Amino acid sequence: MKLLPLPPLLSRLPRLPRPPRLSSALLGATALELVVLAGHLAVYPFGLTPERRPPTRQTGTEPGIGSATALPVTAVATPPPVVLLHGFIDNRSVFVLLRRALIRNGQDQGHHRHRHLESLNYSPLTRDIRAAAGLLGRHVEEICARTGHHRVDIVGHSLGGLIARYYVQRLGGDRRVRTLVTLGTPHGGTAVAPGAGVHPIVRQMRAGSSVIEELRTPAPGCRTRFVSFWSELDQVMVPTETACVDHPDLNAVNVRVTGIGHLALPVHPTVAAAIREALDAPVTGEDAAPAAGATSVA
């Protein structure tokens, strides 16, 4: 499949070196996957609880997301908040290293007090991508109300990227999401779906599922920029190119990563540097307020 060309602002995204031989590269990537898995299992318990967030000021007598008091509008001059969304049977601990890299980058750029990052957990019992996307939308609205920003950036790993794309493309989330970065996300559906006969949300990740077919429908005027990282050694994405965004209506850049597998995508320093550059690249009209009212879905 022909990949979309990199625009000038992303043309210098760092790349991992191309392996000399696929067999040795696959062996090395598999070994790295095992190391990453062991490390992730060690920190997994620390990500089971939701992330602490600053208290939200309320107005009126009815509590809830809709009544949150926004911070002063001058806050939108700072970089938009970044929302991190994990994959299937995972939690926010998968982003420990990426989060640190993004914070360090903010310090280097002199806006460490303003770059706001939040990692969201969704329940492993979630049975439907559509429902998870709706919950994500409510979280995004709450974050916007609390921070004073009109839009956010999202980084989603695997299933997390698919949930975020459904929110953007089918639930009107493009009015809130400036840039969506996906890491090893089955945009076209994957043939490798362990437990597909047991867990309905895994069946929705397979090629030809109703969710995947919905994402193939027209999405005219979608305002979100997509940056999709895919690895030629990702053993969870079959075929590997299924992790690319291939839609005529979407502003999408597909970035090939070589030498690593599925689990290493959110932790590898070279990928983290590329994610930072993608998030730092400006988007035309990014500080404009979203259009009023709900956006209809196709």
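Points to keep in mind about this one:
- Spin-label zone in the stretch 224-252 - amide nitrogen under 19 Å from a point set 7 Å from the Cα of L27 along the C-beta vector: 233-235
- Net charge of neighbours whose Cβ lies under 12 Å from the Cβ of R99, counting Lys and Arg as +1 and Asp and Glu as -1: +3
- The V35 and R206 beta-carbon pair, evaluated with R₀ = 30 Å, returns a calculated FRET efficiency of approximately 0.55.
Every number here is computed from the coordinates shown, using simple stated rules; none is lab data. Please read these numbers as outputs of a predicted model, since none were measured by experiment. Cβ atoms come from the backbone with ideal geometry, glycine included; neighbour counts cover every protein chain shown.
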